[in-house]
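These notes are about the structure you will find just below.
The values are calculated or read from the model by the stated rules, or taken from the named source; none is laboratory data. Quick caveat, the model's predicted, so the values are computed rather than measured. FYI the Cβ positions are ideal-geometry reconstructions off the backbone, even for glycines, and counts take in every protein chain you see. The protein model used for the area step is the full one, side chains on, heavy atoms only, and it has no ligands, DNA or RNA in it. Shrake-Rupley method; radii C 1.70, N 1.55, O 1.52, S 1.80 Å.
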Amino acid sequence: MRKPKLIEDYTYLLYDAVSPFAYAVARQTKGSPFISDGVDLTKALNDAVTALDTNVAATDHPTPAQTAQRDLLRGIVITELGRLAKRLNLDYPADEPALLSSGLVLADASGTAARTLTASATDAVMDLELLDGTQPGCLLLRLKRPTGTLQNLIRYSTDLKLPEEQWLVAVGGGRERQLGPFESGTKVAVKVAALIGSTTEPQYSAVKSRIVQ
């Protein structure tokens with residue numbers, strides 16, 4: 001039986017998903033009770049994603065040169081995600097709880113059963129419900145995830161005129177997620193995709209919307 005192992009290549013991430021995903025990975029790895037040296041392991045990743053976010057926040061309309069610099073910083077973050085995965089694969093071989101607790105994505109297992117699982121998870125599209133949240137101004141996102149889902153990729157917007165590729169991005173691993181707070185009366189549109197070990201092109205659900213109470 002193949003030992004659990006993390007994916008070491010994250011070039012498939014959408015541009016605007018890189019920073020939220022990297023922050024989530026750093027936070028989960030540092031806080032993991034299964035990983036003893038998470039703070040040291042994530043220092044380079046933290047520095048890289050902080051530099052990227054600082055660059056993005058500094059300029060709303062970057063020049064071509066600034067865009068190239070931003071792409072370079074984004075590439076460094078992706079590289080650090082891969083390096084963290086490689087290090088964890090070496091430090092925690094076959095320790096699935098430790099690897100999963102990092103927030104990184106497990107590679108597909110091998111064998112007939114695993115190939116069947118991958119196919120079913122790839123073909124299935126995640127579904128969602130939008131409900132009133134438990135906090136004022138928030139919405140509760142309840143997910144129906146395909147078998148084999150390791151991460152949720154969530155895109156949402158309060159500006160329905162924006163192209164969907166410019167919507168805000170959130171990532172996570174749970175079946176429920178609270179979004180907001182938003183102003184009362186705001187219409188929020190949401191779509192989600194399931195990420196599995198072999199995902200290269202996320203398959204999004206239909207867009208659903210709800211007005212905040």
Problem - Cα shape, the stretch 163-203, gyration tensor, a/c 1.5 rule - result: oblate
Practice task
At 1.4 Å probe size, with no ligands or nucleic acids counted, give the accessible surface of Arg177 in Å², nearest ten.
Solution key: 80
Completion exercise
Reported to the nearest 10 Å², Glu96 has, with a 1.4 Å probe, an accessible area equal to 80
Practice task
Give the carbon-plus-sulfur fraction of the accessible surface of the stretch 124-213 in %, rounded to a whole number; probe 1.4 Å, heavy atoms of protein chains only.
Solution key: 47
Problem - Listed peptides 153-166, 40-53 by packing density, highest first (mean Cβ within 10 Å) - result: 40-53, 153-166
Exercise for the section: Just list whichever of Lys161/Lys208; Lys43/Lys191; Lys43/Lys86 have alpha carbons separated by over 22 Å in the model shown. Expected result: Lys43/Lys191
Practice task
Could you state how much accessible area Ser36 has, in square angstrom rounded to the nearest 10, with a 1.4 Å probe and all protein chains kept in place?
Solution key: 110
Problem - Sequence of Leu150, Leu6 when ordered by accessible area, the most exposed leading, probe 1.4 angstrom - result: Leu150, Leu6
Completion exercise
When the chain is treated as a Gaussian network with springs between alpha carbons less than 10 Å apart, the largest mean-square fluctuation among Ala17, Ala26, Ala193 is found at Ala17
Exercise for the section: Give me the accessible area per residue for the chain, probe 1.4 Å, as a whole number in Å². Expected result: 53
Fill in the blank from the handout: With all protein chains present, the stretch 1-86 has a carbon and sulfur share of its accessible area (1.4 Å probe) in percent of 58
Exercise for the section: Compare Gly185, Gly137, Gly38 in a GNM of the chain, Cα atoms joined below 10 Å, and give the one with the largest fluctuation. Expected result: Gly185
